[in-house]
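Step one of this worksheet: look at the structure below.
Values quoted throughout were computed directly from the atomic coordinates according to the rules given, and no laboratory measurement underlies them. No experiment lies behind these values; they were computed from the predicted model shown. All Cβ positions, even for glycine, are placed from backbone atoms using ideal geometry, and neighbour counts span all protein chains on display.
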Amino acid sequence: MNWLAVRSIYLFEMNRWRRTIVQSIVSPVISTSLYFVVFGAAIGSAISAIDGVAYGAYIVPGLLMLSLLTQSISNASFGIYFPRFSGTIYEILSAPVSPFEIVLGYVGAAATKSILLGLIILATAALFVPIRIDHPFVMVLFLVLTAATFSLFGFVIGLWADGFEKLQLVPLLIVTPLTFLGGSFYSIGMLPPFWRTVSLFNPVVYLVSGFRWSFFGRADVSVGLSLGMTFLFLALCLAAVTAMFRTGYRLKA
């Protein structure tokens, strides 16, 4: 394992993030604060508690998951796309660095950024609503697994995209709608039976449900199933990245 190469890629990505730290952190924090003002205060005051949890607190895991998914994808996709765009990716590919070490450096940096942002948003949420975390170790596990998994997914998008506009195509048209429809702001148990069944085909439901269980001990699906779906998506992303490096897809001229 070439740890020097992994460390160099990791630090380069973290330094790039620090140069844009204002827009990287302030914008998501302001967006989250607006969600709490609108949903937690204005709308939440008219909604009764869900499963014994005040609505303002109930939406915290969903908001965290929304930010975690979008930021993980964005950080990782741009991190690998820009070297392809500038041509510096060929210097990395010609260096004595394995594909695993390249992925570890880029995905590790993207996941670190997302986890730090998630913790900042959690601290911001605590200013608006009382928060309790019944299972902190499970919360950290879901936080790390989700950040790593969707950073890998973002890495796949960064390799697939052939233009800057495509970097936002999947997050805006697929991931964000799935997150909103995945029980971020409600329990799928509140839906009619037909739509409840349809919701179970949404993979984000399992992420939000497991993450919410770690906070309040309430879940729409079992925690074991949530973890299983997370590991399944992680395996699929690893398989996609492996296939892309093996074939040189969008990596070799």
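Mind listing which trypsin sites (Lys or Arg not before Pro) in the range 145-253 are in a DSSP loop and have 10 or fewer other Cβ atoms within 10 Å? Kindly include the intermediate steps, with their values, before the conclusion.
Numbers: sites: 166, 196, 212, 218, 246, 250, 252; in loops: 218, 250, 252.
Listed in order of number, the matching sites are 252.
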Scalar couplings 3J(HN,Hα) for the range 76-84 by Karplus 6.51 cos²θ - 1.76 cosθ + 1.60 (θ = phi - 60°), nearest whole Hz, x for Gly and Pro, are 6, 5, 5, x, 8, 6, 4, x, 5
For the range 3-247, list log₁₀ I(q)/I(0) at each q in 0.10, 0.11, 0.14 Å⁻¹, using the Debye formula over Cα point scatterers of equal strength and ignoring solvent, two decimals each. -0.48, -0.58, -0.91
Quick check: net charge around residue 1, other residues with Cβ under 15 Å of its Cβ, Lys/Arg +1 and Asp/Glu -1? 0
Post the alpha-carbon centroid distance, the range 180-222 to the range 70-90, in whole angstrom. 32 Å
